[in-house]
Each structure stands twice: as structure tokens, then as C-alpha cells.
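Values in this text are rule-based calculations from the coordinates and carry no lab data. Here the structure is a predicted model, which is why all the values come from computation and not from measurement. Note that each Cβ is placed from the backbone with ideal geometry, even for glycine, and that neighbours are counted across all protein chains shown.
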Amino acid sequence: MKIKRRDFLKAGMAASAAMALTGPSLNAFAAKPAPLAGEKVSGSTGAGKWIPSTCQGCTAWCPVEFFVQEERAVKVRGNQHSKANSGYVCPRGHMMLQQAYDPDRIKVPMKRTNPEKGRGIDPKFVPISWDEALDAVADKMMELRKANEPEKFMYMRGRYSPTSTDLLYGTLPKIFGTPNYFSHSAICAEAEKMGPGYTQGFFGYRDYDLARTKCLVIWGCDPLSSNRQVPNTISKFGDIFDHGAVIAVDPRLSASAAKASEWLPIKPGEDGALASAIAHVIMTEGMWSREFVGDFKDGKNLFKAGATVDEAAFEEKQTHGIVKWWNIELKDKTPAWAAKKTLIPADQIVRVARLMGKGGSACAVYMGPGVAMTPRGTYAAMAVYALNGILGSIETEGGVFQSSSAPTAKFPEISDKFIDELAKKSGKGKKLDGRGAKDMPAMMSGKPGSGVVTNNVANGMLKDPGAVKVFLSSWSNFSFSCTGAQRWEKAMAKVPFFVHMVTNASEMTQFADIVLPATFAPTEKFSIITNMANLHGHMSIQQPAGKTLWQVKAEETEVMWLLAEKLKARGFANLYDYYASFEDPETRKKPSNASEFAEIAAKISSHKVWNGKEKMKGDQIAGWEEFKKKGVYNSEIYAYKKNWGKMNAETKKFEGKFKTETKKFEFYSETLKKAFAEHAEKHKTTIDDILQASGYEARGELAFVPHYEAPKRWGDVKEYPFTFIDYKSRLNREGRSQNTTWYQEFKKVDVGDVSWEDVVKINPLDAKKLGLKDGDTVKLTSPSGSITAKARLWEGVRPGTIAKCYGQGHWAYGKVAAKDYHKFLPRGGNNNELMPDDYDRLSGSTARNGGFTGVKIEKI
Amino acid sequence: MTSEGLAMTIVREGVTMDIKEFVCREKKRGDCYRLLSACFYQPEKEVFLQEGLFENLASLLKEVSPEASIFAAEMQKVFLISGEVDLNVDYAKLFVGPNELLAPPYGSVYLDGERRVMGDSTMEVIKMYEEQGLSIDREFRNLPDHITAELEFMHYLIFREIEAIERSDIAAALNFIKVQELFLNRFLKQWIQPFCNKMREGANSGFYRSLADCTLAFINNFLPGDILPEELLNANAQV
């Protein structure tokens, strides 16, 4: 933003004594041939065209199209070729326009001029050039290499491209030599994966045959508003009632619950109790799937309340341990027992279990983070997910599926020649997130110590303030998005050099030394995105739709290339040499600059679907240009029962395909048992000791089956009488949309919410006791902090529970999001300042659901 | 604005001027727009002072817009004693970010009814630039309705106007005056007041407060075609 032409500053025309002029002195403009008579010039009325790209406003990653006129995106729709969303976006898709054209976006690189850091301290940023910014970053990084401490460089990713991330997250730490690179994943919904993971061997997010389901059980999420396939759910939801029922289990009257055939307003955190009771009813009433689970050898149902069953009496098919599960957990978990825990009447539990049984293998239990992202969430996730196992709805018509995928190609291998001795040595050090400690098993994918513990990084930083000297992060805002947010502010204030690559200056940016303007990915970044929905996997392009604004650059590709050049100039060429070894799969050309690198990377990731060499079972695409034009590749439809095992006629042995220890669906998880044993062995202790250290109630055999664990609660009930629950808005674009006026104006589309406000929803009976009326300002206090919000009297939560949407409470992020940035005043309050940091330690996930926080309410 | 509108303005003013004197005055007016535009770029103390940016601006304004000149002189005074970092911090907060922009320097933020950039008014501005044979330079890396571009566009139109007079193309000169008036009335003048108000309120340094006053005084008080030489006045009357 400096003047580039010095003559622009000179006295100019007036100084010339002669009348003759040589030419205007221009800085912002370039001469353009004048239009011929009748020739069309630019303007908003020009013809436009649809340019495909991908929305990353939630985890659905929908293929979309932007209508672009005169290099400006003016409208959004789902990609017309997409099978994941059938050509539609949800409400949040439209807000991309306001995000892209937000005047508060970061426009140019900036540096901090005030060395003091903290909330309420003005960073005093000033604009600098990309060159100056990356010189500063490269210098700091090289200082670490020279001091033989590259492990003090840390990278943390927020939202990322599933392919381009390999160029930053997957490459930079490895080549530079640090073990300290962390994903945001564990503050999202990772604990959910423990359900299908430790039963079915699938540690991933599921898909659903919504078009054919006869009973959809929405549990701990609101797929009409958020959670992985919103447009697909919106388009199919209404039809489910024509051929079955929708059941919603949620302490809050969500959009889905408001429409459901049955709403079970469960007491927060008691999901395991309800799941066990439903399983109990399904089994005692003989509604389990004979085809998937098997049957009693004599056909007589021995599952009677309280009665232990002989394991030998039952012959299983695709499953393992049904009787053990019954004996260890289910036999006493009657609806009457569960009614006391969950506050759901026993007759409703029975009624719902029967509806599910009637749906049978066409009943899909759609589990969300509300079940799992709690301090003991692994077991609740297993208990809820296991219902799909009993019903036999695994990969069946109307059932639940593992994810479909599209065939991406990997980038070239990072061979040893790019990793020097220092990087090899330092890269293997201990990670700062504490994964694998005795009390943090983090056993994602069956491997102890393999799961990221995102939110614990702040604790690691606080414990050892010297551990991170240079911190790079992209598309993140951990001091807002992590529970116990205040810890992050403390930790960030101590980081000597922090580089933030984001679209908007968030709360975390206030601690940055260098701010780099990132592209708004859906309209400005070149990348390949993959995901699945509606039984299809898809590969979808992200490409500039309209003109890229200001001086923004793509953080995972362009910026990495430029940084690699800077490091090379300082004698560390490995990163550059690796990137420069890439080849365009079509032309074999190697990249020579940042933008070529970005496009070549996108071509490498996607080339299998368009190069014509591989036989694709899904869409047929003729080449790169056609792929850019269509924007999406849809895989073939998921084959039913794809992973069901078969009896080998020759060997007479059952050959299972699930990726569990037994190759079967495990109600008694040998896979979990093995992981526990490995972790206990590493710490030279017992599994029970691990359970105790990690805060679980189970001991002995109970640890290996889906089961009920009492919810953990922060705050004494006497002092903090209300149980707090957090939920997501249908307008949240992962916490990034609050600076758009559409978010604020349309906030009322979240059931019970109010436009331009941040409301806490309180049952009117509770409000009456507290003397509160609608619209009163209240202070909410938990053991970890206080926030203020407006009281909203609402019957959609039961007495004793209060609900508040995540998203508001920004004191930074722009003029609309913050009430007054310059006074550091938030609009409403951030839920993450109320909720303390706690974990489902078996997965490493952050607790943010299940009512684990007690709160008191005061009128102010 | 139509040519009738322009004629009315001219008749209302009813002041004429020798053509040489007029051209001289227009050159100064054109330079004022350019130098004012320069003031909205990132402050570089050495460069600005070496080129005598504010002195030049003040002296040009003294002759064409004395009320604005006072503020330019004040700018010069404050700029000299201000630290470059402080000026840059203020500049960033007002016009760049990265947090809330105190004085968004984009026309569309004020004109399009939504708090956004690249609005419909931006597209109209681009259209006017293109009609005059201009496009935003690739190196500019800012938006077409940024204050610097709009002020520079006025400079360009005045340059073309003078050029036309010099080759005795009075009709063309009148047309360039008309385009200036149109651009000012449809765009720049529509948002310069709230923009300068925000600048004045948000500025930490006296430099930007004075720049706000200077810009406002110049744009509001000095209109194209307020004084015309006989040659142009007659030609205009014949239109």
C-alpha cells in the first residue's frame, strides 16, 4: 500500500511552465484502450457465468458454484453436478459472499510494533510487504535451526484443505524438524469416531442412506442445521416421514427435534444410559437383527431383565460379544433405571426402542458430537453407535455407512534426502500436547498416543513457556474456539514470535507478531477438497471465483512456496527442493513460482479422476480443463454390505472385513482391550489404573464394552445449579461468520435465538424462580469464568438446563462481530470462557458437550 | 449530470476567467487531487518529505482552495514531528486493519447499503474508469473504489480536460468537466463526508485529522466548472 511511482508525489502539471503536457502521472491506474463505439464495458449488469468451487463453512465441504459477473461473485448455489448436495447449499453457503467481500478482512501482511502482548493491549500493527514479512519469519525459523532447536517451531492448523494440508502440516514440520504440529481436529468431534472405531474398526465420520431409511434417530446433533451433510439432510428429511419416523435425542429443541416424530429431551450427558436402555429393550423384546448379529441356537430369546446368559447359547454372525455385552452392561439397564438417569419417561424409551426395532436394519442412528464430546464420551459414543450394530443397520438399505471416498493422488514422497540429520533427530521428540501420557491415552485408530489433544497444547505451553519460540498457525482461533479459552490467551502472550495466516484478525491474531492475509478459500484458493455424503464420495475443486482481493495468498501452497524460497536463500533449501521436485502430471513441467506450484499441486491431487488413464467407476471427466469447469467428481454409489464378512465354503471359516481385531463388529471390543493393554504396558501398570488416571468409572471387563458412565460435572450443584449446554448455529461458518450482517440479522433462524443478540435460553419455570424476564441481561458464571448474555425464556430446554449457541462473544474479528473492538468489548459472551478444558482422554478430544459445566445465573 | 445541469451551474456562477489563467488553475486543481491521493498511501516519512508533498499541496491549495490549504499546512507541521511508526499505526487502524477499519476507504462500504466491498457502486465506478480508457493497474492490489483511486481518477480527468483545451478541443474539454461533475456527484461526494468524519473521529494523530479536514474542504468547496473562460462558457451555451 505504498506509492510505487515516485513521480506521483511530484509537483507535476502546475510546475510545468510550458502549456504542453507529457502525460498524466498515475499510480493506481493503467491505461486501457478506450472502448470502441458500442463495445460493452464492465459493470454489474454484464453477463456472468457459474464457476465451481467448494464451501468449507462446515464439515460437509459442499461442492458449490459462484455466479461471477465482471470478476465478482454475486450468487451461490450447490454444484449442479454434485450428488452430495443435489445442487443445493444450506443457508450458510450464501454467507460466503459477505465473508469474501468483508471490508474488515486482512488485506496485506502486517507486523506488530508493540512488544507487549495480552487481551486489551493494542498490538499496533503496521502494513509491510510480503517480502519483509516472510524475511522476518524465515529469519526466526533459521535462528532455531542454527541453535539446533527446530523442535521449538510449532505449527497448528485450523480449517485446511484435505489435500493441500500435506504441503504444510504434512511437510514443513517433517523437513524443518519439529514434532510439534497439531490439528484442530480434537476440538471438533473426534470422540464420535471412538463409537464406530472400537466397535466396527472404522475411526471416521459416517454416511447415511437418508433416502431409504425407515427410522432416523438423530442423536446429539442437528443435521438440519449443522453436522456434515446439511443440504442432503434438508432435502431428504421431509420424505422420511412418508416411510418412517424421525427421533431426536437432544437436551435442546433443535430444528430437527422440532420436526421429529419423537423428541427425547435427555438430561445432558446421560446418553449412555438411554442407549443402554434402548439396547436392553431391543434385546429383551427380540428385535435385534438375526442377519447381522445372529440368534440363540434354539431360537428362544434368553435376554431377560437381570438374567445372565450363557455365551454358548448364542451363535453370532457378523458380530462379536453380544452376550458378554448383555451380561456385563445391559441386563440391568432397564427403561425404569434409565428414566431416573435421563429424565426420559420409561414408556417413551420403550416406545422409541420399538420404533427403532420396527425400522430394523433400515433404522439409522445418526450420532453427533453431543453424545461423544464429553469427559467420558468414548463409552457413550460406543453405546449409541452399537445400536446400529444390534439393529444390523451397518451398510444396509436405509442404514449407516463408512465414508465413501474419491481417488486423490499423493504428493511425491518426502524422501530422506529432504530430511537432514537435525530434522530427523528433532522431529522425533515428545509432542507438546501430552498425548500418550498415562492419563491421556489418546487411542484414536486403536493406537495409544496417536490422537491429537489440541486443547492440551495450551497447557503444554504454559507448563514450559520456552518450548515454543516460533509458532505458525493458519485459519485458526484457538483462544476463542477452545474451551478454557483464557488459558490460550495466557499461553499466547508468552510466545516470542507468532505468525498468523488467516482471513480476519481474530482474538488469536491479537497475539501475532506477523499477520499474513490468507485467501478466503472458497473464492480465492486453488485446492482440491474431498468428502462424502448421500452414499457418494466426491472430489471438488476450489478455485478463484472472481478477482482475488488485495494481497491475499493461499496459506498452504503459495505462502509455503515463498517461505521455502526465503529459507533457501538462508542456506536451508530442503523445503524448496522438495516442492520444486513436483511435476505437472499433464505437462511434466516443474513449478517455477508460487501460483504455478498451487495449480500443479491441485492437478497432482486430482489427476486420477480426469487423466483418462485410470478407469473411474464414478463420473467420467475428460481432462483438467473439464474438471475445472465441472468442479466435481462423484464416486460410484456405496455398495450395500460392502464390509460384511462371508463364510468361506472351503475352509468353513468366517472371513470378516471390519478392521477390528476379530474382523467382526465388536460389542465386546477386543480392539479396545488390545489398545488398553499396549498403553498399560508402556506405563508398566494395569488397565484399571489407566482408567482411574484418565477419569473413567469403568473397571475390569466393563472397560471393553459400550456402557454407561455417569456424566462428569464441573461446579458444585449448590453453587452452580444450572447445567450448561452449547450448540451450533445453522449460520455458523465454524465461528467465522459473525462479522457478516446476514449472520446477525438472520440469527433468529436458530430455534429460540434472537437477531443481533447473544441469548441464553432458560426454561420459564427457572426464570420465574430467578425473577428474570425475557431480554434481561444476565451474568453467567462457571468455575472457569463469567460471560454476559441476554436471557431468553424458552420451553425448549428442561428446567435446570440452560442452552446457548456458540459463535458470539467475539471481542475481535471485525466491526460487526465485536461490540467495540477498540474497547475490547465482546458482542455477547464466548461459551468457551465458561466451559473449562476437560477431555475425553481415551480419544484426546476436548469436552464441549454433555453438560459438563455447572453455571449460576445472576441478573445484572 | 446532463449538459443542461452543467450550464445551469455555470450561469449561476457567472464568473469568467482568462483561458491561460484558467488552465493554470486547472493544473493546480488536478495536482491537488493527485497529491491528496498520495496522502492516503502508507506514510513514508523520508519519501514524502523529500518530495515536499505537503508543502506542495499547501501551496497549490493556497491558490485554488485557501480553506483547505490551512489544513495542509497543519498536516505538514504534524507530519514533521510525528514518528513514522505512529503514523503507520494510525494509517493501519484507519484504512487497513487488520482489525475493525475505523475509516473504511472504500466507496461501496458507504454507498451500497451493506457493509461490504465490491458492491454495485464499485462496479459502476469501474465502468466509469473503463469509459475513460483506464483500468486498475495490476500492481495496485487494492480495490477500484479506494479513496486513492477515486482521487487519482479526478486528477486524470482534469489532465484530459487541460489536454483538450491545449489542442483547442473545447467540446472534449467540456465533456471532461462534465464527467468530473458526474463522478463527484454520483460517487466521491456521496461518501467523502462520512468517510472524513470517521477519519477525524478515529485518528490518533493530528495528521489524519487534518487530512480529513483538508480533503473535505477541497472536495466540497472547489467544484469543476465553477469558473470557466469565455471560450468554454460560450461553447457550453451553444450545446
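Here the range B:123-162 is assigned +1 on the Cβ of each Lys and Arg and -1 on the Cβ of each Asp and Glu. Its dipole about the Cα centre then comes out at about 100 debye. Look at A:Tyr579, A:Tyr169 and count the other Cβ atoms within 10 Å of each Cβ; fewest to most, that gives A:Tyr169, A:Tyr579.
Counting only other chain Cβ atoms within 10 Å of each residue's Cβ, the peptide B:120-132 averages 5. Put in line by how crowded their Cβ is, counting other Cβ atoms within 10 Å and starting with the fewest, B:Leu49, B:Leu94, A:Leu770 read B:Leu49, A:Leu770, B:Leu94.
Mind pulling the angle between the C-alpha long axis of helix B:19-39 and the longest principal axis of chain B? Nearest 10 degrees, somewhere in 0 to 90. With rounding to tens, the tilt is 20 degrees. Each part gets one Cα centre, and for the range A:770-812 versus the range A:550-601 those centres are 48 Å apart. Which of A:Phe572, A:Ala693, A:Ile600 sits closest to the plus end of the dipole of the range A:562-699, meaning its Cα is farthest towards the positive end, when Lys and Arg get +1 and Asp and Glu get -1 on the C-beta? The one lying farthest along the dipole's positive direction is A:Ile600.
Of all lysines in the structure, those lying under 20 Å Cα to Cα from A:Lys214, and not within fewer than 8 positions of it along the same chain, are A:Lys236, A:Lys259, A:Lys358, A:Lys641. A convex hull fitted around the alpha carbon atoms of chain A yields 193 Å³ per residue.
Ordering A:Tyr208, A:Tyr638, B:Tyr91 from the fewest to the most neighbouring beta carbons within 10 Å gives A:Tyr638, B:Tyr91, A:Tyr208.
Which residue, A:Ile390, A:Gly829, B:Ser108, has the largest displacement toward the positive end of the dipole of the protein assembly as shown when charges sit on each Cβ (Lys, Arg +1; Asp, Glu -1)? Result: A:Ile390. Take every pair of alpha-carbon atoms less than 8 Å apart whose residues are at least six positions apart; their mean separation over the length of the range A:199-335 yields a relative contact order of 18 percent.
The mean number of partner chain beta-carbon atoms within 10 angstrom of a residue's beta-carbon across peptide A:496-504 is 1.
Between the residues A:Pro127, A:Asn477, A:Thr171, the greatest Cα displacement towards the positive end of the dipole of chain A, with unit charges on the Cβ of Lys, Arg, Asp and Glu, is found for A:Pro127.
The aspartates and glutamates whose alpha-carbon is closer than 15 Å to the alpha-carbon of A:Lys712, local same-chain residues fewer than 8 away aside, are A:Glu270, A:Asp271, A:Glu697, A:Asp837, A:Asp838, A:Asp840. Among residues other than A:Met287 with Cβ under 9 Å from its Cβ, the summed charge is +1 (Lys and Arg +1, Asp and Glu -1). Taking 1.002 mPa s as the viscosity and 20 °C as the temperature, the Stokes-Einstein diffusion coefficient of the range B:114-200 based on its alpha-carbon Kirkwood radius rounds to 154 µm²/s. Other residues with beta-carbon under 11 Å from the beta-carbon of B:Leu60 carry, at +1 per Lys or Arg and -1 per Asp or Glu, a net charge of +3.
Shielding of peptide B:34-44 by partners, expressed as the average count of other chain Cβ atoms within 10 Å per residue Cβ, is 5. Taking every Cα-Cα distance in the range A:208-324 and sorting them into 5 Å bins from zero, the calculated P(r) comes out as 2, 10, 17, 17, 14, 15, 13, 8, 4, 0 percent. Seen against the Cα atoms of chain A and their longest principal axis, helix A:130-146 is set at about 60 degrees. Pairs spanning more than 31 Å between alpha-carbon atoms, out of A:Lys447/A:Lys566; A:Lys2/A:Lys547; A:Lys117/A:Lys815; A:Lys469/A:Lys568: A:Lys447/A:Lys566.
Applying the criteria of a DSSP loop state and at most 14 other Cβ atoms within 10 Å to the GluC sites (Glu not before Pro) of the range B:176-235 yields no site. Restricting to the protein assembly as shown, what percent of DSSP beta bridges are antiparallel, rounded to 5? Expressed as a percentage, antiparallel bridges in the protein assembly as shown total about 55.
Here the contact order of the range A:421-491, divided by its residue count and restricted to Cα pairs under 8 Å and six or more residues apart, works out to 23 percent. Only Lys, Arg, Asp and Glu carry charge here, each on its Cβ (+1 for the first two, -1 for the last two); on that basis chain B has a dipole of about 360 debye about its Cα centre. Taking every C-alpha pair closer than 8 Å and separated by at least 6 residues, the mean separation divided by the residue count of chain A gives a relative contact order of 18 percent. The charge dipole of chain A, taken about its Cα centre with unit charges on the Cβ atoms of Lys, Arg (+1), Asp and Glu (-1) only, comes to about 1000 debye.
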